[in-house]
Amino acid sequence: MGSGAGKFRWRLAGLMFLITFMSYMDRINLSVATPAIMNEFGFTKVDMGLMQTAFFVGYALMQVPGGMVAEYFGHRRITPIAVSWWSAFTVLTAWAGSLLSFISIRGLFGVGEGPIFPAFNIFIYRWFNKAEKALAASFMLGGAFIGPVFGPAITVSLTLAFGWRSVFIIFGVVGFALAALWYYLAPELPRHSSFIHKAELEHIEAGMQDVDAKKEIAPWKSFLSSRQFWAIGIQYFITDYIMYVFLAWLPLYLMEAQGFSLKKMGIAAAFPWAALCLLTFTAGYLSDRFIAAGVSKHNARTWFGISGLVICCIALYFGAVATEPWWNVFWLTISLGSLGLTFNASWAACIDIGGKFSGSVSGWMNFWGNIGGVLAPICTAGIATKYGWQAAILFTAATGIVGVIAWLAVKPDVSLLTQLAVKNVNNEV
């Protein structure tokens, strides 16, 4: 982490971890509260799928605009605005009283969460040494993935003690506090922070270029003509589709298909997310170490991305055909956990190929990922309703083939700006 350098940047990484933790706590709460909400309002699986899809529509639509505004106005402004917005709609969920109000609130909740990951990718690009970016990305992703580890148990406990509405009110209030902390502690650039010492600043900026906060718009026309740009979006569409099947339906699946009680489900549903968090940090650490040792970014990112998807889908198949509930949980844990390799590789590759426009590139990638999020809840609900849970899980496993093929075209060794410069030179010649 930089010999002789201070560690304030890692404290901010810890705060980033807490914010993304809260973002996923707020998402998983609806999934865990689904049985209680269905019972109170008489909603069907398809109704609940529509609520989940409404979130992903709002979230996906804000990815590219969120990345652009985060680049233009900076992570210090956009992060607190985004966190405060989604926290407000988290609280409002407690007062929803009809299918339309649930769908509307979840859609606007998704709009608020849209800019947060692109904004954090800009923060990582500006605040961390070039040999630390994958590990820093693990803090962003790890917070997101540890949320569902604690989410089911905490949500179940609060629901049993105070009712499902209490969950949304409590976590919404905590979100407002985290937004204020980010604005106070995280200026746009490390050189503007009174908490950063000279040695740490020199370590962060060593070998970096474009370490300013100029207001620029990414060259979207050129990006859209790049095979890399489309490939990183397609592979993340598949990766997020698989993950959001877990996020939206794991609690209900464990109760309906595997016969877990509400209490046991809260424990069983935590294992896959704990594995995902652990593998995400492991991948970040190893990826940075490999690059520091001279391994190419292609090998450090691409093969992590591919291997994660391959292991995930094989394990998902075994989970689908398992006949004993805890063996099913074992294979689902291996499946979702292995995606940590792919998630870390994806966000690190965004910084590799995007550079100073990593916010726009990550927004683009996350846009396609959350198109997968839009489709995953409703498609899985439809397949499970018509053909059963096993068919829904097998279909999810089969989608991984597309992601593996797409990863071969990402090529993290070559940035989009370098590709654009070479293209301009060739045009001039």
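The values are calculated or read from the model by the stated rules, or taken from the named source; none is laboratory data. Bear in mind the structure is a predicted one, so any value in this text is a computation, not a measurement. Heads up, the Cβs are rebuilt from the backbone with ideal geometry, glycines too, and the neighbour counts pull from every protein chain shown.
Taking helices (runs of 4 or more DSSP H) that do not extend beyond the stretch 97-201, which have at least 3 residues that are under 17 Å from the mean Cα position of the chain (by Cα)? Write out each step before concluding.
Working: elements: 99-113, 116-127, 133-162, 164-185.
Where helices (runs of 4 or more DSSP H) fall fully within the stretch 97-201 and carry at least 3 residues being under 17 Å from the mean Cα position of the chain (by Cα), they are 99-113, 116-127, 133-162.
To keep it simple, each residue is scored yes or no on (1) closer than 23 Å to M255 by Cβ; (2) under 19 Å from the mean Cα position of the chain (by Cα); (3) assigned to a helix (DSSP H, G or I); (4) not acidic (D, E).
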residue	(1), (2), (3), (4)
I334	yes, yes, yes, yes
A349	no, yes, yes, yes
G355	no, no, yes, yes
G363	no, yes, yes, yes
W368	no, yes, yes, yes
G373	yes, yes, yes, yes
C379	yes, no, yes, yes
A391	yes, no, yes, yes
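Is it fair to say S157 is surrounded by fewer than 23 Cβ atoms within 10 Å (Cβ to Cβ), modelled with pLDDT of 90 or more and either more than 29 Å from V361 (Cα to Cα) or not aliphatic (A, V, I, L, M) (or both)? Talk me through it step by step, then tell me what you get.
Numbers: surrounded by fewer than 23 Cβ atoms within 10 Å (Cβ to Cβ): yes; modelled with pLDDT of 90 or more: no; either more than 29 Å from V361 (Cα to Cα) or not aliphatic (A, V, I, L, M) (or both): yes.
No, not satisfied.
With the structure loaded, tell me whether M25 is in a helix (DSSP H, G or I) and either in contact with a Gly (Cβ under 6 Å, 6 or more places away or on another chain) or surrounded by 23 or more Cβ atoms within 10 Å (Cβ to Cβ) (or both) or whether it fails that test. Full working, then the answer.
Working: in a helix (DSSP H, G or I): yes; either in contact with a Gly (Cβ under 6 Å, 6 or more places away or on another chain) or surrounded by 23 or more Cβ atoms within 10 Å (Cβ to Cβ) (or both): yes.
Spelling it out, M25 is indeed in a helix (DSSP H, G or I) and either in contact with a Gly (Cβ under 6 Å, 6 or more places away or on another chain) or surrounded by 23 or more Cβ atoms within 10 Å (Cβ to Cβ) (or both).
Please go through (1) without any contact (Cβ under 8 Å) to a residue 40 or more places away in the chain; (2) of a type in the set (A, V, I, L, M, F, W, C); (3) crowded, with 18+ Cβ neighbours inside 10 Å for L100 and return the number of the only condition it doesn't satisfy.
Unmet condition: (3).
Need the failing condition index for G74 against (1) under 19 Å from the mean Cα position of the chain (by Cα); (2) closer than 18 Å to M140 by Cβ; (3) of a type outside the set (S, T, N, Q); (4) modelled with pLDDT under 90, just the number.
So G74 meets the others, but not (1).
Scan the stretch 293-317 and report the pairs whose first residue is under 16 Å from S338 (Cβ atoms) and touching a residue at least 24 places away in the same chain (Cβ under 8 Å) and whose second residue is among the β-branched types (V, I, T) and in a loop (DSSP other than H, G, I, E, B), with Cβ atoms within less than 8 Å and a gap of 6+ or a chain change.
These pairs meet every condition: R301/V410; T302/V410; G305/V410; C313/T399.
Here are some conditions: (1) at pLDDT 85 or above; (2) of a type outside the set (F, W, Y); (3) surrounded by fewer than 20 Cβ atoms within 10 Å (Cβ to Cβ). K411 meets all but one. Which one does it not meet?
(3)
Are any of the residues in the stretch 194-211 modelled with pLDDT under 80 and among the hydroxyl-bearing types (S, T, Y)? Steps first, answer last, please.
Applying the first criterion (modelled with pLDDT under 80) to the stretch 194-211 yields 206-211.
The next check asks that each one be among the hydroxyl-bearing types (S, T, Y); those that pass are none.
No, the stretch 194-211 has no match at all.
How many residues are over 13 Å from I351 (Cβ atoms) and buried (at least 16 other Cβ atoms within 10 Å of the Cβ) when one looks only at the stretch 284-302? Break it down stepwise before answering.
Keep residues of the stretch 284-302 that are over 13 Å from I351 (Cβ atoms), which gives 285-286, 289-290, 292-296, 298-299, 302.
This time we only want the ones that are buried (at least 16 other Cβ atoms within 10 Å of the Cβ), so: 286, 290, 298, 302.
Residues in the stretch 284-302 being over 13 Å from I351 (Cβ atoms) and buried (at least 16 other Cβ atoms within 10 Å of the Cβ): 4 in total.
Can you name the residue in the stretch 319-331 that is hydrophobic (A, V, I, L, M, F, W, C) and within 15 Å of F395 (Cβ to Cβ) and is also surrounded by the most Cβ atoms within 10 Å (Cβ to Cβ) among such residues?
At the first step, the residues of the stretch 319-331 found to be hydrophobic (A, V, I, L, M, F, W, C) are 320-322, 326-327, 329-331.
Okay, now just the ones that are also within 15 Å of F395 (Cβ to Cβ), so 320-321.
On the way: A320: 21, V321: 12.
Checking each candidate, the answer is A320.
Restricting attention to the stretch 258-281, does a residue exist that is surrounded by 16 or more Cβ atoms within 10 Å (Cβ to Cβ), at pLDDT below 90 and touching a Lys or Arg at 6+ places or on another chain (Cβ under 7 Å)?
Looking for residues that are surrounded by 16 or more Cβ atoms within 10 Å (Cβ to Cβ), at pLDDT below 90 and touching a Lys or Arg at 6+ places or on another chain (Cβ under 7 Å), one finds none in the stretch 258-281, hence no.
For (1) over 29 Å from F260 (Cα atoms); (2) out of contact with any Gly (no Cβ under 7 Å at 6 or more places or on another chain), each residue gets a yes or a no:
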| residue | (1), (2) |
| --- | --- |
| N39 | no, yes |
| V57 | yes, no |
| G67 | yes, no |
| G74 | yes, yes |
| V83 | yes, no |
| F89 | yes, no |
| G110 | yes, no |
| G114 | yes, no |
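Of all residues in the stretch 28-53, how many are buried (at least 22 other Cβ atoms within 10 Å of the Cβ) and of a type in the set (A, V, I, L, M)?
So the count comes out to 6.
Look through F43, F55 and report the one residue that is at pLDDT 85 or above, of a type outside the set (S, T, Y) and outside any helix (DSSP H, G or I).
F43
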